[in-house]
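Reviewing the structure listed below.
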Amino acid sequence: MGKWVRFDTSYKSYVRPEFAYCEACGKMIPKDAWISDREGKGISFCDENCEKLYDFMIARRKKH
């Protein structure tokens, strides 16, 4: 289970942007991300649905 994290959206963050991308769909996440721990590291998603999609894709890869 993950949690919502708000990224820094101050002026400094736009001068040197460090955007996150959803690990499931690839969409850029400029403000709020759903962060979930996988194998000891935090992985960012757009929302809970993308986390479920990611889990589905990983399970499918392990079958083949």
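The values are calculated or read from the model by the stated rules, or taken from the named source; none is laboratory data. From a predicted model like this one, the values you see are computed outputs, not experimental measurements. Positions of Cβ are generated from backbone atoms using ideal geometry, with glycine treated the same way; all protein chains shown enter the neighbour counts.
So is Cys22 surrounded by 19 or more Cβ atoms within 10 Å (Cβ to Cβ) and either without any contact (Cβ under 8 Å) to a residue 12 or more places away in the chain or over 15 Å from Met1 (Cα atoms) (or both) or not?
The answer is yes for Cys22.
For region 25-40, what are the residues that are out of contact with any Asp or Glu (no Cβ under 7 Å at 6 or more places or on another chain) and either assigned to a loop (DSSP other than H, G, I, E, B) or closer than 13 Å to Met1 by Cα (or both)?
Cys25, Gly26, Lys27, Pro30, Lys31, Ile35, Asp37, Arg38, Glu39, Gly40
Scan region 1-36 residue by residue and report those that are modelled with pLDDT of 65 or more and over 13 Å from the mean Cα position of the chain (by Cα).
Of everything in region 1-36, those that are modelled with pLDDT of 65 or more and over 13 Å from the mean Cα position of the chain (by Cα) turn out to be Asp8, Thr9, Ser10.
Somewhere in region 52-62, is a residue of a type in the set (Phe, Trp, Tyr) and modelled with pLDDT under 90?
Looking for residues that are of a type in the set (Phe, Trp, Tyr) and modelled with pLDDT under 90, one finds none in region 52-62, hence no.
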